[in-house]
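The values are calculated or read from the model by the stated rules, or taken from the named source; none is laboratory data. The shown structure was predicted, so the numbers you read here are calculated from the model rather than taken from an experiment. Here the Cβ is made from the backbone with ideal geometry for all residues, glycine too, and neighbour counts use every protein chain on show. Ligands, DNA and RNA are excluded from the accessible area calculation, which covers all protein heavy atoms including side chains. Shrake-Rupley method; radii C 1.70, N 1.55, O 1.52, S 1.80 Å.
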Amino acid sequence: MKQSEFKKRRKLLMQRVGKGNIALISSADVRIRNRDVDYPFRQDSDFYYLTGFNEPDALAVFIPGREQGEYILFCREFDKKKALWEGAHSGLEGATKHYAADDSFPIDDVDEILSGMLENQNKVFYPMGRDSDLDHSLQAWIKHIRSQSRSGVIAPAEIASIEPILHEMRLFKSSAELELMRRAANVTAQAHVKAMQLCKAGRYEYQIEADIVHHFMQAGLRAVAYPSIVAGGKNACVLHYTANSDKLKNGDLLLIDAGAECDHYAADITRTFPISGKFNEPQAQLYQLVLDAQLAAIEQLQPNTPWNAAHDASVEVITKGLVKLGLLKGSVKKLIKDEKYKQFYMHRIGHWLGMDVHDVGDYKLNQEWRTLQAGMVLTVEPGLYISENCKTVDTKWRGIGIRIEDDVLITKTGHEILTDGVPKTIVDIEALMARNQSETGGESGL
Ligand code: GLY
Ligand code: MN
Ligand code: MN
């Protein structure tokens, strides 16, 4: 991502924050995994969106109209020993030189310097209630200014969340952002194809996970956007199954929900396919129903259509289908009104997608579902999950979990599916998997 893109974002943010006010946003922390081992560092998405600065222990400050410079970055000072053990970091000079900060200061001096910057500002915007260190520090800085009121300084009178401003910006993707999202989507689609090709009974779920991550990294994408779900058979009925520890069995379906991250932008794809390469009859019937629901939902994705239209379309298709197959009984209208479908389809149709897999942005404005607009990206992911303990349905349906998920961009004239590089019709999936069988000589080929 070019510096000019970050600059554009900061300019817009400062316009919205307004002169006489100040905005603060802190970096993510390094988190401890165990003893002296850390988790891989992932920058806070809001902080990265505005700065492109990929280090912990940093605070960005925006003061629209400040004569000495509007964008100030507090960060770690360059430390030779740290560089030797942990690698490069920008230091104060790098913050201004490479990240276009107007001014930079050591993060260790933030208490002294920031109180001064807050003096005589009207309103402080920051991610309220998200980082308790920043919550406490801000209170302490304001208290400190108040204690000096007799010398004529005034403490900010208002504190507001920066999120409504920033998250509304993040909801609409620029062409530079879409380029990264398309790359994440394409690589993820290829990895799902690979998983279908490498799937064989007898392998473990985590081995398929390894195939997927292997593909991401070979394609140049270092991180997953979220922990991969690789769920064979009834494990697919556990919505957030990430143990990925079971052996794959012929006769079961395999649900894979996995996505790569490309320079902090996520893809999020789910496919469900038969481990043997061929759906049995009940699996095919439920699969086709989920696919029909997904296609009906995608059809609703047009500018000016309310967000919930796609969800409602999926609920209607799924309820009708469940009645037809005998999993629900009664009038479709009443079943929808009583939300009877929720025992099998218990989540919503999807979510915004961007730097965070469940991305930021309001779904309702003034308590009404907002309308879709060009530049928004969302997932469409209906599913059916029939618990193995569900006594109200025929045994042939039990233990089947299916979800189909694509990432869709709203365009000026309709939509574009970013993840259509991986098959999802029964015919296409079976054709792809039949090719593996013939290439490897079937199961004996393993
Ligand atoms: N992978 C998380 C989700 O699909 O929402
Ligand atoms: Mn999703
Ligand atoms: Mn997903």
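Details
- Contact order relative to length of the stretch 168-265, as percent, for alpha carbon pairs under 8 angstrom and 6 or more apart: 35 percent
- Summing charges over all other residues whose Cβ lies under 13 Å from the Cβ of Trp352, with Lys and Arg as +1 and Asp and Glu as -1, gives -3.
- Of the residues Asp428, Asp133, Asp46, the one that moves most in a GNM of the chain with alpha-carbon contacts below 10 Å is Asp133.
- Projected label distance in nm at His98 and Arg348, using a 7 Å step from Cα toward the beta-carbon: 3.9 nm
- Note: relative contact order over the chain, using C-alpha pairs below 8 Å and six or more positions apart, is 13 percent.
- Between Ser245, Ser149, Ser276, the GNM of the chain built on Cα springs shorter than 10 angstrom shows Ser149 fluctuating the most.
- FRET efficiency estimate (nearest 0.05) - Cβ-Cβ, Asp362 to Glu77, R0 25 angstrom: 0.05
- Most mobile listed residue (Phe41, Phe216, Phe74) in the chain, GNM with C-alpha springs under 10 Å: Phe41
- Phi-based couplings in Hz for the stretch 389-400 (Karplus 6.51, -1.76, 1.60; Gly and Pro marked x): 9, 6, 7, 7, 10, 4, 4, 5, 8, 5, x, 9
- The stretch between Ile159 and His240 holds 25.5 nm of extra length on full extension. This uses 0.36 nm per residue minus the Cα-Cα distance.
- Solvent-accessible surface of the stretch 1-100, averaged per residue with a 1.4 angstrom probe and all protein chains in place: 57 square angstrom.
- Per-residue HN-Hα couplings for the stretch 197-213 [Karplus 6.51, -1.76, 1.60; θ = phi - 60°; Hz; x = Gly/Pro]: 6, 9, 6, 8, 4, x, 7, 9, 3, 5, 6, 5, 4, 5, 4, 5, 5
- Label-point gap, in nm, between Gln207 and Lys329 - each point 7 angstrom along Cα→Cβ: 4.4 nm
- The stretch 73-135 - percent relative contact order, Cα under 8 Å, separation 6 or more: 31 percent
- Projected area, mean over directions - the chain, Cα convex hull, nm²: 25.3 nm²
- Estimated distance in nm for a label pair at Asp312 and Lys249, the labels positioned 7 Å out from Cα along Cα-to-Cβ: 4.2 nm
- Based on the convex hull around the alpha carbon atoms, the stretch 31-141 presents an average projected area of 8.0 nm².
- Accessible surface of the chain, 1.4 Å probe, proportion on carbon and sulfur as whole %: 49 percent
- The C-alpha atoms of the chain define a longest principal axis, and helix 132-146 lies at about 20 degrees to it.
- Computed helical MRE - 222 nm, the chain, DSSP H runs ≥ 4 contributing -39500 (n - 2.57), nearest 500: -11500 deg cm²/dmol
- Cα long-axis angle, helix 281-299 against the chain (0 to 90 degrees, to the nearest 10): 40 degrees
- Size of the stretch 239-340 as Cα extents on the principal axes (Å, biggest first): 41, 39, 22
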